[in-house]
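Colleague: Here you go, one structure.
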């Protein structure tokens, strides 16, 4: 009986102690608060200023133009943690005055919009700032300067070419990465492209009743730069222009922060460039022809074709058949994995002969000296499906007399 009473008292002790504690007016110990600090956004100032390109505490994309009419109220603010994961998002107009955050490193990114598609007169401005939140402190984000983060492209025509071409059926299609814009002859506005590393401008139109095509490729374009591409009549030596046969030439000027660079000397002709190039500047030759019943040389081709072949004819026999692959994703590193490169000559394939033959391409003796060669890209098409976007194959044929002609095949993966 005594043992049972003692056991009952011991069992009741926790409850008794709890009652005593309450009666003493003492509260339970509380768990320590999480380690946090505060981000102050009320004093945040956002501007678009091209001169702010080298500040230690503000990361911007250089090359913007000053535009005091830009409304920053709709700019999107994203807050990323130290691992790059989003933790909050607002527009500049709707941002809070204060925002509590766990202690740690963060990046605030701000951009004018989140659309990735190219558009006329819709530039993308971006800016960012890295900062650290410390326990019990307030961090004032202050001023962030945004700069142009798009590739800006303007198409122009010389007066002479404009007078000769049919403006109703002529245009230039510009591709940067996976985005495209078509510039009718009447389009004078700049287009803005927000992603991609290579630019291809393809003129297609009618000049004095003849259908003409010209391609200019720039393999390494940079955000914050304005590329002005001018199409003009290509004159022969002495300035003579054959009225029965008019060829097109191009020039490229790049504008960045008040200075210009003429790119005529930095963009190589198709016969010289190691990786990409103008893609269509060779004088057409009646002795060299390209025909295909399944592929277009002016429009994008799909990749689900049962057959993708081009018949190449050269009266004097083919001495070289150079192929340039122009694509943001089919890089040399990627192509090297399948034994290829972004530029190869089917007449002299070298160490790539095995890989090219395995993909169904004619090589070596099957090309050199031949008057008719079938360029068969059918087995290569599945490689294109790996990446969305536009992939171009620029083919330049040189015959035994040195005559040249070229065509471009474009494939789109959606």
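Colleague: Quote to one decimal, in nm, the extra length available between residue 371 and residue 383 on full extension: 0.36 nm per residue of separation minus the C-alpha distance between them.
Modeller: 1.4 nm is the gain from fully extending residue 371 to residue 383.
Colleague: By counting other Cβ atoms within 10 Å of each Cβ, how are 249, 94, 324 ranked from fewest to most?
Modeller: Fewest to most other Cβ atoms nearby, the residues stand as 94, 249, 324.
Colleague: Using only the alpha carbons, work out the radius of gyration and Dmax of the stretch 84-218 in angstrom.
Modeller: 22.0, 76
Colleague: Please report 289, 204, 327 as a ranked list, fewest other C-beta atoms within 10 angstrom at the top and most at the bottom.
Modeller: Ascending Cβ contact count within 10 Å gives the list 289, 204, 327.
Colleague: Arrange 112, 42, 89 by Cβ neighbour counts within 10 Å, fewest through most, would you?
Modeller: Least crowded to most crowded, the residues run 42, 89, 112.
Colleague: Can you give the relative contact order of the stretch 283-414 as a percent, counting alpha carbon pairs under 8 Å and 6+ residues apart?
Modeller: Relative contact order here is 36 percent.
Colleague: If packing is taken as the average count of other Cβ atoms within 10 Å, what order do 309-318, 122-131 fall into, highest mean first?
Modeller: So the peptides 309-318, 122-131, ranked by packing, come out 122-131, 309-318.
Colleague: How many nm is it between the label spots at residue 35 and residue 103, if each spot is 7 Å from the Cα in line with the beta carbon?
Modeller: 0.3
Colleague: Continuing with this model, one more query. Where Rh denotes the Kirkwood radius from the mean inverse Cα pair distance, what is Rg over Rh for the stretch 283-414?
Modeller: 0.94
Every number here is computed from the coordinates shown, using simple stated rules; none is lab data. Keep in mind that this is a model prediction, so the values were computed, not measured. Using ideal geometry, Cβ is built from the backbone for each residue, glycine included, and neighbour counts are taken over all protein chains shown.
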